[in-house]
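The values are calculated or read from the model by the stated rules, or taken from the named source; none is laboratory data. Note that the coordinates shown come from a computational prediction; the quantities given were computed from them, not determined experimentally. Because the Cβ atoms are built from the backbone with ideal geometry, glycine has one as well, and the counts that use them run over all protein chains shown. For accessibility, only protein heavy atoms count, side chains too; no ligands or nucleic acids. Shrake-Rupley method; radii C 1.70, N 1.55, O 1.52, S 1.80 Å.
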Amino acid sequence: MLAQLGELVRALENDQIAPCFQPIVSLRTGQLRGFEVLTRWVHPEFGPILPDNLIALAEDNGLIGELTNQVFRKAFQATRMLPGRPKLSVNVSPRQMRYTSLPGQIWNSAEEAEFPLDRLTIEITESALLENLTQAGRIAREIKDMGCRLSIDDFGTGYSSLRHLQALPFDQIKIDRSFVSSMTKRRESRKIVAAIVGLGHSLDLAVVAEGIEDEEQTEMLVKMGCELGQGFYYSKPMHASELEGYIAAKPRPVVMTALAPSSAVSILEALPAQRMAQMQAIYDGAPVGLCFVDRGMRYVSLNQRMANMNGLPVEGHLGRTVKELFPEWFTQYEPYLARALEGEATVGVEIDEPATGPRQVEKKIAASYQPVRDEAGEVIGISIAMLDVTEHVHGGGDAGKKRGTKLKSPKTWFLKAAATDVLMN
Ligand code: G
Ligand code: G
Ligand code: MN
């Protein structure tokens, strides 16, 4: 529905522009964290509506300041004394970010309603280009200096999301609901959501998912490490009179069961930086040689122990193929690598490495090959664990074993050998 200018003027005069409130919750616990304030025209006939052009109409005709004032003032008054003193998020259009009067306006309406500014977040919708970033940056700085937080709205849909993120001092990202609504069905959306959550984490920003409509989305978001959310699953935008009832009602915590295994995701997907650091720690502390090779059998990562076993520095491996580096040993490894790429794991197989290549000693190696899959089940590489068992095999009188034969109880054997190895080193 479209509104006419005359109608807007009358609505403003007759006090018919009012805020609605949509809860923003902690996804894990379901507990209320605040409300987003959404403008509605309380139409004498149709009740609260938002004509598609209302905000633009107000902007085009110099009425956005008045509209915002009315909405902010009413929103502050309605929530100031609510139990738990909830925070508020209010929307500001990119157009408003041109007016140096904006911070003063926000300040005045908050002061008038005695609403503390540290309970206020300003959401800047970024579906339109911020023309003058220097000016917008100055206004943003001023808003922050007043104690408000700054949030980038509809993230991912704008013309230059990342540029805005770099230019303005944001505290929070809101993931656009178009990504959230398709994330349980489309791998691409899921990856985009995961990437935004990861970006938020690495930049130390709060991340809010918009437009959550079901339990499955909530669960997936929680697993990705997204902490906050809003949407019809929690509540539609409410009238001020409904807020106390909402606050008194029981919260809706996440239920971690709805996800089908095929769409399982890990929090690690959203946390590339943490994932890398954690992997490195696991690698460095492991009592066995560990590496990951991609589908082209190229070394992507490995630990020092593996490098030592191979007689080459860690850096000497990275980006090179197993075959290229160890042509003499490769024929022994190849069947297991090929099998892993087909999705089949091999645990605790014993392999002879002849005394050639960079290391001039013959060795007996116990090795495991584990296919590594992405969240869609596709094999993306192989995790290889290796243990030098030359000593154990000779010492234990087990030296007669043929090359490539499976150990009797490979897992126990492997672990026992690993434990001894730890004690000895
Ligand atoms: O609930 P909903 O249909 O109200 O919101 C539609 C769009 O209008 C959203 O993108 C929201 O950010 C925006 N919006 C709602 N209220 C306001 C407001 O007071 N000012 C501005 N600039 N945008 C608003
Ligand atoms: O763009 P912004 O996030 O400011 O606007 C919020 C808009 O999204 C409002 O129009 C609001 O009514 C709408 N909205 C809120 N929750 C949901 C939801 O779960 N599903 C859909 N389809 N829309 C939602
Ligand atoms: Mn918003």
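Got a sec? Which helices (runs of 4 or more DSSP H) wholly within region 164-246 have at least 2 residues that are of a type outside the set (Gly, Ala, Ser) and under 30 Å from residue 47 (Cα atoms)?
Result: 177-182.
With of a type outside the set (Asp, Glu) and within 16 Å of ligand 1 (Cβ to nearest atom) as the only criterion, which of 193, 207, 180 stands out?
180
Name the one entry in 131, 123 that is acidic (Asp, Glu), open to solvent by less than 60 Å² (accessible area, probe 1.4 Å) and either under 26 Å from the mean Cα position of the chain (by Cα) or more than 30 Å from residue 78 (Cα to Cα) (or both).
123
Which helices (runs of 4 or more DSSP H) does region 43-145 wholly contain that include 3 or more residues that are closer than 24 Å to residue 246 by Cβ, touching a residue at least 12 places away in the same chain (Cβ under 8 Å) and away from ligand 3 (no atom under 16 Å from the Cβ)?
In region 43-145, the matching helices (runs of 4 or more DSSP H) lie at 64-79.
Please work out which residue is surrounded by the fewest Cβ atoms within 10 Å (Cβ to Cβ), limiting yourself to region 200-253 and to residues that are basic (Lys, Arg) and away from ligand 2 (no atom under 16 Å from the Cβ).
The qualifying residue surrounded by the fewest Cβ atoms within 10 Å (Cβ to Cβ) is 250.
Return the residues of region 324-371 that are surrounded by 16 or more Cβ atoms within 10 Å (Cβ to Cβ), of a type in the set (D, E, K, R) and modelled with pLDDT of 90 or more; say none if nothing qualifies.
350
Could you say whether any residue in region 24-38 is under 26 Å from residue 104 (Cα atoms) and hydroxyl-bearing (Ser, Thr, Tyr)?
No, region 24-38 contains no residue that is under 26 Å from residue 104 (Cα atoms) and hydroxyl-bearing (Ser, Thr, Tyr).
Enumerate the pairs (first residue in region 217-238 and closer than 17 Å to residue 257 by Cα; second residue anywhere and within 16 Å of ligand 1 (Cβ to nearest atom) and assigned to a helix (DSSP H, G or I)) with beta-carbon separation below 8 Å, excluding pairs fewer than 6 apart on the same chain, so at least 6 apart or on different chains.
217/180; 217/181; 221/180
Can you tell me how many residues within region 126-152 are touching a strand residue (DSSP E or B) at 6+ places or on another chain (Cβ under 9 Å), modelled with pLDDT of 90 or more and farther than 16 Å from residue 99 by Cα?
Total satisfying the criteria: 7.
Applying the selection to region 145-177, what residues are open to solvent by 50 Å² or more (accessible area, probe 1.4 Å) and either among the charged types (D, E, K, R) or within 16 Å of ligand 1 (Cβ to nearest atom) (or both)?
Listed by number, the residues that qualify are 145, 149, 157, 159, 163, 177.
Cβ-Cβ under 8 Å, sequence separation 6+ or interchain: first residue in region 301-328 and touching a residue at least 24 places away in the same chain (Cβ under 8 Å) and among the small types (Gly, Ala, Ser), partner open to solvent by 30 Å² or more (accessible area, probe 1.4 Å) and in a loop (DSSP other than H, G, I, E, B). Which pairs?
311/358
Would you confirm whether any residue within region 133-143 is among the basic types (Lys, Arg) and within 16 Å of ligand 2 (Cβ to nearest atom)?
Looking for residues that are among the basic types (Lys, Arg) and within 16 Å of ligand 2 (Cβ to nearest atom), one finds none in region 133-143, hence no.
Looking at region 3-20, is at least one residue touching a residue at least 60 places away in the same chain (Cβ under 8 Å) and near ligand 1 (Cβ under 9 Å from one of its atoms)?
Yes, that holds for at least one residue.
Name the residue that is farthest from residue 107 (Cα to Cα), counting only residues in region 152-181 that are within 10 Å of ligand 2 (Cβ to nearest atom) and out of contact with any helix residue (DSSP H, G or I) (no Cβ under 7 Å at 6 or more places or on another chain).
It comes out as 181.
Can you pull out the residues in region 64-113 that are crowded, with 17+ Cβ neighbours inside 10 Å, within 31 Å of the chain's Cα centre (by Cα) and farther than 27 Å from residue 165 by Cβ?
79 - this is the single residue of region 64-113 that is crowded, with 17+ Cβ neighbours inside 10 Å, within 31 Å of the chain's Cα centre (by Cα) and farther than 27 Å from residue 165 by Cβ.
When region 26-42 is examined, which residues are found to be in contact (Cβ under 8 Å) with a residue 40 or more places away in the chain, over 20 Å from residue 125 (Cα atoms) and not in a loop (DSSP other than H, G, I, E, B)?
26, 32, 33 - these are the residues of region 26-42 that are in contact (Cβ under 8 Å) with a residue 40 or more places away in the chain, over 20 Å from residue 125 (Cα atoms) and not in a loop (DSSP other than H, G, I, E, B).
Being under 26 Å from residue 250 (Cβ atoms) and more than 14 Å from ligand 1 (Cβ to nearest atom) is the filter here, so list the residues in region 21-51 that pass it.
25, 26, 27, 28, 29, 30, 31, 32, 33, 34
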